[in-house]
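Data block below; observations after.
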Amino acid sequence: MTMASTKTSHSGGIAKEIERLREEIRHHEYLYYVVDNPELPDAQFDRLMNRLKELEAQHPELVAPDSPTQRVGGAPREGFQKIRHTTPMVSLDNAFSVEALRDFDRRVRETTGREEVDYIAEHKFDGLSMSLVYKDGRLVRAVTRGDGTTGEDVTANVKTIRTIPLTIDPAALKKAGLRGDFEVRGEAIMTRQAFVEMNKQQEEQGGKIFANPRNAAAGSIRVLDPKITASRKLDFFAYYLLVDGRAPKKRLSECLDVLKTLRFKASEDWKLCHSIDDVENYVNAWESKREKLAYEIDGIVIKVDEIGLQNELGFTSKAPRWALAYKYPAHQETTVIREIQVSVGRTGVLTPFAVFEPVQIGGVTVSKSTLHNMDEVERLGVHAGDTVLVERAGEVIPHVLKVVKHGTEEKKFQMPEKCPVCGTRVHRREGEVAYRCVNVSCPARRRESMLHFAGRHAMNIDGLGEKIVDQLIERDLVRDFADLYKLDLDTLANLERMAEKSAQNLLDEIEQSKKAGLARLIYAIGIPFVGERTAQLLAAHFGSMEKLRDANEEELLEVDEIGPKIAEGVREFFSESANRKLIDRLRAVGVVMKEERAAPKSTKFAGMTFVFTGTLAHRSREDAEALIASHGGKPGSSVSKKTNYVVVGADPGSKYDKAKSLGVPILDEAQFEKLLASR
């Protein structure tokens, strides 16, 4: 066998393994995201995905656009291309009463001459209408509804939604009686839980707060960076199928069954109703049950089931005559704001909230609601004493919609100058919405600060987890990081679930952490915008905590890769006397605050810059970067023409793409290890 044929055979084996992994991952994605009945533990699924990413990184020529690895999102774009729909995506007429429903039924029966008509009743999802176009069984385009005639191409973003298949199994197409070309219409939504989590994260970061899951879903689809869409945990429900602009079956109910055969997520709760009485019963039943759903619905959609009757009924200039949206009344009431108070979150962000005269909304007593941030307070123009309209979207998310009537005293709300919990000065950076308490020992921040301090990438105190930290704080045994180093064996052994041996192990871990190093300490104390990589750069440049503490903005900006935002965060942190005193207490208990600079093992990488992207299988990125430095090289965080090598692990990011575009040499992990071992 020749060398060429051996290489071809090897490549063919890799291609088969990659395709096998893709099929297996697609199967488990369907079970997890669509059926909600996973067969594999998360860790085992992650191993499959990481193996596929590793193989695709080693063989970029085998990467396919419909691979499960392509859901992570690519580089940000400059704008959205306008796309004309092949068949208009019309809006529906609304009904707000049972009488309007019966009028709709009467018109349908009179026009068609039928005594009874079958209807499909289904949830009216509160999200963003989308069109998905498939060619040869592969997703090629996703377009928003737009004005119904023309929408925006959001394909890169939509590919990140796990409930949307990137490719359709040929066996499923055959079973459905379809070729590979078709269009699916449906709704991109955000679940209640995902909405709460996203707004909480936005609030902590001082970002935009979304009023409801619908706005959140629409905003997440229409961002220019697909990675943001991927982080927002969107969902998709399919409800219509077209082939060459027409429904491929005789009944809509059959099309819904086909969508499930093609492994799209469709509502489990639609119902075939044989009369308008059945429709009315369905509408009434879901009005009381809708708050129990994982997602929000604002009504019920009623459609004629027979496609032939749909065609006979046709359209008005604005909407189909064969469909109607019944809208439920919103859960809204008016009440008076007694006062506006401020809470302090786990990251130190101050959040204003309104305290109401208690009011019943949808059977629940509501007495307060977050106002999110000062921008929202000013947008609403709200003051204590104002009468406001409050909506309870879902079971637990009340929010102020608008001011109905101002009170007699319109005293403008002001954020406090000092933290209401610890009394230290409140900070606000120019251009940011958020007001923050930067005292890491603030009681409101204490728990999360402790857990971060003990984390694996920080001081690495194994055994200091949530349950232990909670007990230490509840019993007032620790008030700041320095108190950890004053704990003794008897104190720890008396905690719940702590025997003497485990208490001693934890004490040993705490003692060992004193020598974790300056870079880990800088990261552990929670300086704004200072992550692991930045902490390493600061430690290498200044060499001691004292020099970092005393550095001015100009000196900070001299550090490689440090910009004005990070410099301001460092100065802000050390401007707070409580933080400076904490550093002094840590020094007093023996925590090492100087960078130990070992002599380089060799100079073989002298003058060379290495950039890492993705996850290495055999060593952490920190260890790999330390090895580069120990041989005289420099770990970099961004790729440029001056970069000597980009080392690619599993799940590489945009640095990998940039390296390819610039022609920078790329090493996989095996090649990197070989280079390390060379003389």
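We did not get these values from a lab; they are worked out from the coordinates using the rules stated. All values reported here derive from a predicted model rather than from experimental measurement. Using ideal geometry, Cβ is built from the backbone for each residue, glycine included, and neighbour counts are taken over all protein chains shown.
To the nearest 0.05, what FRET efficiency results for K642 and R428 with a Förster distance of 51 Å applied to their C-beta separation?
Approximately 0.85, to the nearest 0.05.
Residues of segment 295-324 with the amide nitrogen closer than 17 Å to a label point 7 Å from the Cα of D244, along Cα-to-Cβ, please.
Residues 308 fall inside that zone.
To make sure I understand, if each residue's beta carbon is the centre and we count other beta carbons within 10 Å, what order do K411, K233 fall in, fewest to most?
Starting with the residue having the fewest Cβ neighbours, the order is K411, K233.
Taking R0 as 45 Å, what FRET efficiency do you get between S343 and D490 from their Cβ-Cβ distance, rounded to the nearest 0.05?
After rounding to 0.05, the efficiency reads 0.80.
Using the Cα centre of the chain as the reference point, and only Cβ charges (+1 on K/R, -1 on D/E), how large is the resulting charge dipole? Debye, rounded to the nearest 20. Mind dumping the intermediate values first?
Working: 101 positive and 104 negative charges, 332 e Å.
For this selection, approximately 1600 debye.
Convert each backbone phi in segment 544-557 into a coupling constant with the Karplus relation 6.51 cos²θ - 1.76 cosθ + 1.60 (shift: θ = phi - 60°), then list the ³J(HN,Hα) values in order as whole Hz, x for Gly and Pro.
With the stated coefficients, segment 544-557 comes to 8, 5, 4, 5, 5, 4, 8, 5, 8, 4, 4, 5, 5, 5 Hz.
So what are the ³J(HN,Hα) numbers for segment 517-525, from phi and the Karplus equation (6.51, -1.76, 1.60; θ = phi - 60°), rounded to whole Hz, Gly and Pro as x?
Per residue, the Karplus-derived 3J(HN,Hα) values read x, 5, 4, 5, 5, 4, 5, 5, 6 Hz.
Which Cys in the chain stand alone, with every other cysteine's Cβ at 4.7 Å or more from theirs?
That list is C255, C273.
Out of the DSSP beta bridges found with both residues in the chain, what percent are antiparallel (nearest 5)?
Beta bridges within the chain, antiparallel portion: roughly 85 percent.
Take T261, T613, T87, T229 and order them by how many other Cβ atoms sit within 10 Å, fewest up front.
Working: T261 18, T613 21, T87 12, T229 26.
Listing T261, T613, T87, T229 from fewest to most nearby Cβ atoms yields T87, T261, T613, T229.
How charged is the neighbourhood of V140? Take every other residue with its Cβ under 15 Å from the Cβ of V140, and add Lys/Arg as +1 and Asp/Glu as -1.
Residues close to V140 contribute a combined charge of 0.
Just report the Cα centroid separation between segment 195-261 and segment 98-149, whole Å.
Cα centroid to Cα centroid, the span is 17 Å.
Report the FRET efficiency, 1/(1 + (r/R0)^6), for I228 and L62, where r is their Cβ-Cβ distance and R0 is 25 Å, rounded to 0.05. It would help to have the intermediate numbers written out before the result.
On the way: r = 28 Å, r/R0 = 1.12.
The calculated FRET efficiency here is 0.35.
Taking amide H atoms as placed 1.01 Å from N in the peptide plane, list the residues 5 or more away in sequence, or in a different chain, whose amide H sits under 5 Å from that of I83.
Close amide H contacts, sequence-distant or interchain: G151, E152, D153.
What is the gain in length, in nm to one decimal, between Q671 and N460 on full extension, counting 0.36 nm per residue of separation less the C-alpha to C-alpha distance? Mind dumping the intermediate values first?
Numbers: separation 211, 0.36 × 211 = 75.96 nm, distance 3.00 nm.
Here the segment from Q671 to N460 would lengthen by 73.0 nm.
Could you line up E280, E115 from fewest to most neighbouring Cβ atoms inside 10 Å?
E115, E280
What angle, in degrees between 0 and 90 and rounded to the nearest 10, separates the Cα long axis of helix 42-58 from the longest principal axis of the Cα atoms of the chain?
So the helix axis and the longest Cα principal axis differ by about 80 degrees.
Just to confirm the number: angle between the C-alpha axis of helix 192-204 and the first principal axis of the chain, 0 to 90 degrees, nearest 10?
It is inclined by approximately 40 degrees.
Subtracting the Cα-Cα distance from 0.36 nm times the residue separation, let me have the gained length for A100 to K565 in nm, one decimal.
Length gained, A100 through K565: 161.7 nm.
So how much slack lies between R479 and D375, counting 0.36 nm per residue of separation and subtracting their Cα-Cα distance, in nm?
Here the segment from R479 to D375 would lengthen by 34.1 nm.
For Rg and Dmax of the Cα atoms in Å, one of (1) 29.7, 93; (2) 37.2, 118; (3) 26.5, 93 was computed from the structure I shared and the rest are decoys. Which label?
(1)
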